[in-house]
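Undergrad: After the structure tokens below, expect a handful of questions from me.
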Amino acid sequence: MEFSKIEKPDTKIYEGKRKLYCLPNVYPIPESNTNYKSLCSRYWQEAEIQLSKLELMTPITKVFCEMIFKDENALEILSKIDEFMHDMVEKYANKGAKIVPVEEEEIFSSYIDWANCLKVVHSKNVFAKILEFYNDISSRRLSFISDVINKNLNSCEAGLLIIKDEDRRKIAFPEDVEIFLVIPPAYDDILKFIRDMITGKLEK
């Protein structure tokens, strides 16, 4: 269910069920201009508003965030990746939510390595081979994330999953978990900004 246009969820329908509020992760662009930074700031503010409405149904007690594989260093790691994401996760942690690491270190490291290899290879044959390795490790990573959510999200609980939307679409979530998609209005503007930057229509 997409939540971008829902003012208040029907709480009775979902009573007693496990719920997962899925928020697309947006990534900072090093040395990006102020327009992009303003879009990101607006995005996370809008996300917080939408999540607060969902929490009228069930408060968030677990936070599942990609790129985190050591919970004791989670906020420190996030502070180095993205200040906006860090601030949101920290707010929920301060309210008592548990930050649950969703990555396995070796799988995640291999995933990043193969992704980086795809960016630099030129030969079609080599690209195809590397793509096989990348797809395999990506599948293992998403399966691991699904297992972590299944093991840590208890009945009647709600969790927040922050992950790249492309990856979220590929995850086979447990059948008894109700999925709510949180799509802030600024998300489309961010995607357009990135497309225009890639095609050369604007500068960073």
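FYI, it's all coordinate maths here, none of it is from the lab. This is a predicted model, so every value here is computed, not measured. Please note: Cβ atoms are built from the backbone with ideal geometry, for glycine as well, and neighbour counts cover all protein chains shown.
Undergrad: In degrees, nearest 10, range 0 to 90: what is the angle between the Cα axis of helix 34-54 and the longest Cα principal axis of the chain?
TA: For 34-54 against the chain, the angle is about 30 degrees.
Undergrad: Ranked from highest to lowest mean number of other Cβ atoms within 10 Å per residue, what is the order of the peptides 27-36, 165-174, 44-53?
TA: 44-53, 165-174, 27-36
Undergrad: While we're here: Roughly how tilted is helix 186-198, in degrees to the nearest 10 and between 0 and 90, from the longest Cα axis of the chain?
TA: Orientation of helix 186-198: about 0 degrees from the principal axis.
Undergrad: What is the magnitude of the charge dipole of the stretch 137-202 about its Cα centre, with +1 placed on the Cβ of each Lys and Arg, -1 on the Cβ of each Asp and Glu, and no other charges, expressed in debye to the nearest 20?
TA: Here the size comes out at about 380 debye.
Undergrad: Sticking with this one: Report the net charge of residues surrounding L142, where surrounding means a beta-carbon distance below 14 angstrom and charges are Lys +1, Arg +1, Asp -1, Glu -1.
TA: -2
Undergrad: Any chance you could give the angle, 0 to 90 degrees and rounded to 10, that helix 83-94 forms with the longest Cα principal axis of the chain?
TA: 30 degrees
Undergrad: Which links in K164/K192; K62/K151; K98/K170; K53/K95 stretch past 19 Å when you go from one Cα to the other?
TA: K98/K170
Undergrad: Then there's this: If the only charges are +1 at each Lys and Arg Cβ and -1 at each Asp and Glu Cβ, what is the size of the charge dipole of the chain around the Cα centre, to the nearest 20 debye?
TA: Charge dipole, the chain, about its Cα centre: 400 debye, nearest 20.
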